[in-house]
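These notes concern the structure reproduced below.
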Amino acid sequence: MDIVGFLKSQFICHLLICYIFIVSGLIINFIQLFTLILWPINKQLFRRINCRLAYCISSQMVMLLEWWSGTDCTLYTDPESYHKYGKENAIVILNHNFEIDFLCGWNFCERFGVLGSSKVLAKKELSYMPIIGWMWYFLEIVFCKRKWEEDRKTVMQKLLNLRDYPENFWFLIHCEGTRFTEQKHQISMQVAEAKGLPKLKYHLLPRTKGFAVTVQCLRNVVSAVYDSTLNFRNNENPTLLGVLNGKKYHADLYNYLIFFNFSLFTIGRRIPLEEVPEDEQECSNWLHKLYQEKDAFQEEYYRTGTYPAVPIVPPRRPWTLLNWLFWALLLLYPLFKLLINMFNSGSSLTLASFGFVIVMASVGVRWMIGVTEINKGSTYGNNDIKQKRK
């Protein structure tokens, strides 16, 4: 291992990175709180400011993937569609198989200049999480309780609020609702069998109601739907802890454009609106068909190690690194000065307090990493078959 790789694997470096992220994130959350006074005066200015404040947080995570671990990200797509990415609003359908798939999604948002304004459909519990959850609140992220009877009205209202959003945005959605595990897949396929739906090998059964409502509410606002399938070469199993240790991964994202015009959407071609059914059930059927195609693409990738499209590596932009360096210079100097003063004091109480802070910081870092781990993911999806049997 070279000296750089050795340093990247050291806990003290991880602690400093997390210190910068946590302190800068809380500072930005505090600034965001004061931007609330702009909402009744100038809502669009409030939104533009918060897009840039949110970028200061989320870009630090992307910096870890791009610059710290040096992960390679290749996009397989139609060259004619490539120039449209980042220049239009889009719904992005993502598979949900890996611990860092959210980070790879952010990475591609960054490379096309929509990271600060990107949206997601997220579980309500995340809104209480400091830094990222609070950042999402000011970004008008759509939160749901995963109980559709309670969520429908709230989700629709949040989505309708985005119709006049002043920045181009991508709305990232995991239609499977939860991360893929073998247990959830087995239960999901039992549900598919009970409903008479084709079984999937590499995906969970998509949950169609949220997608149908998203399409309905963002009609005339969104220009296209991007169906995206993420994989990692050589059977890599990427983790956030691996990224933090500086491990380099090789991400392949297959992305093809699904044109969207009012309620019309189809793969690779435009269909007159009058030929496209508009009701929720037909939208549900379309999404199930899409996931069957995603499964076929996944099968092809496992067989050949590539996708049937042109590989393009979007250029890496310097702003994530520059943002991180700014916060590092701003926050590390007072930290080191404080540490020097503490050690010079020679006080046992001071040193014990410092040790306690280090221990608590270590626990906090491990907790934040644990949020992304598959084996500690939500149990959402595990109880579906049990409920069907009642």
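For the range 5-21, a tally of residues being touching a residue at least 60 places away in the same chain (Cβ under 8 Å) and of a type in the set (Val, Ile, Thr) returns 2. I'd like the full set of residues that are among the hydrophobic types (A, V, I, L, M, F, W, C) and either at pLDDT 85 or above or outside any loop (DSSP other than H, G, I, E, B) (or both), limited to the range 275-304. Matches in the range 275-304: 283, 286, 287, 290, 296, 297. Return the residue satisfying two criteria in turn: it lies in the range 92-150 and is under 23 Å from residue 81 (Cα atoms) and of a type in the set (Lys, Arg), and of such residues it is surrounded by the most Cβ atoms within 10 Å (Cβ to Cβ). In this case the residue turns out to be 119. Of the numbered criteria (1) surrounded by fewer than 17 Cβ atoms within 10 Å (Cβ to Cβ); (2) of a type in the set (Lys, Arg); (3) part of a helix (DSSP H, G or I), the one residue 201 fails is (3). Note on the range 139-179: residues that are under 18 Å from residue 127 (Cβ atoms) and in contact with a His (Cβ under 9 Å, 6 or more places away or on another chain) total 3. Of the residues making up the range 76-91, those that are within 24 Å of residue 121 (Cβ to Cβ) and either out of contact with any helix residue (DSSP H, G or I) (no Cβ under 7 Å at 6 or more places or on another chain) or open to solvent by 30 Å² or more (accessible area, probe 1.4 Å) (or both) are 77, 81, 84, 85, 86, 87, 88, 89, 90. Listed by position, the helices (runs of 4 or more DSSP H) contained in the range 96-183 that have at least 1 residues being over 16 Å from the mean Cα position of the chain (by Cα) and closer than 24 Å to residue 200 by Cα are 148-161.
So is residue 307 of a type in the set (Ser, Thr, Tyr), open to solvent by 50 Å² or more (accessible area, probe 1.4 Å) and at pLDDT 70 or above or not?
On the way: of a type in the set (Ser, Thr, Tyr): yes; open to solvent by 50 Å² or more (accessible area, probe 1.4 Å): no; at pLDDT 70 or above: yes.
Here the answer is no, as residue 307 does not meet what is asked.
Given the criteria open to solvent by 70 Å² or more (accessible area, probe 1.4 Å), modelled with pLDDT of 90 or more and at negative phi, does residue 216 qualify? Quick ask: steps written out before the conclusion?
On the way: open to solvent by 70 Å² or more (accessible area, probe 1.4 Å): yes; modelled with pLDDT of 90 or more: no; at negative phi: yes.
Here the answer is no, as residue 216 does not meet what is asked.
On inspection, residue 122 passes the criterion of being small (Gly, Ala, Ser), in contact with a Phe, Trp or Tyr (Cβ under 7 Å, 6 or more places away or on another chain) and free of Cβ contacts under 8 Å to residues at least 24 places away in the same chain.
The rows are residues; the columns are (1) surrounded by 14 or more Cβ atoms within 10 Å (Cβ to Cβ); (2) assigned to a helix (DSSP H, G or I); (3) at pLDDT 80 or above.
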{"residue": "317", "(1), (2), (3)": "yes, no, yes"}
{"residue": "324", "(1), (2), (3)": "yes, yes, yes"}
{"residue": "328", "(1), (2), (3)": "yes, yes, yes"}
{"residue": "357", "(1), (2), (3)": "no, yes, no"}
{"residue": "367", "(1), (2), (3)": "no, yes, no"}
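Give me the helices (runs of 4 or more DSSP H) completely within the range 1-74, filtered to those with at least 3 residues that are loosely packed, with under 12 Cβ neighbours inside 10 Å, ordered by residue number. Steps first, answer last, please.
Numbers: elements: 3-8, 11-35, 43-63.
Here the list reads 3-8, 11-35.
Given (1) polar (S, T, N, Q); (2) farther than 18 Å from residue 324 by Cβ; (3) touching a Gly at 6+ places or on another chain (Cβ under 9 Å), identify the lone condition not met by residue 58. So the condition that residue 58 fails would be (2).
The values are calculated or read from the model by the stated rules, or taken from the named source; none is laboratory data. Not measured: the values here are computed from a predicted model. Note that we place each Cβ from the backbone using ideal geometry, even for glycine, and neighbour counts take in every protein chain shown. Heavy atoms of the whole protein, side chains included, go into the accessibility calculation; ligands, DNA and RNA do not. Shrake-Rupley method; radii C 1.70, N 1.55, O 1.52, S 1.80 Å.
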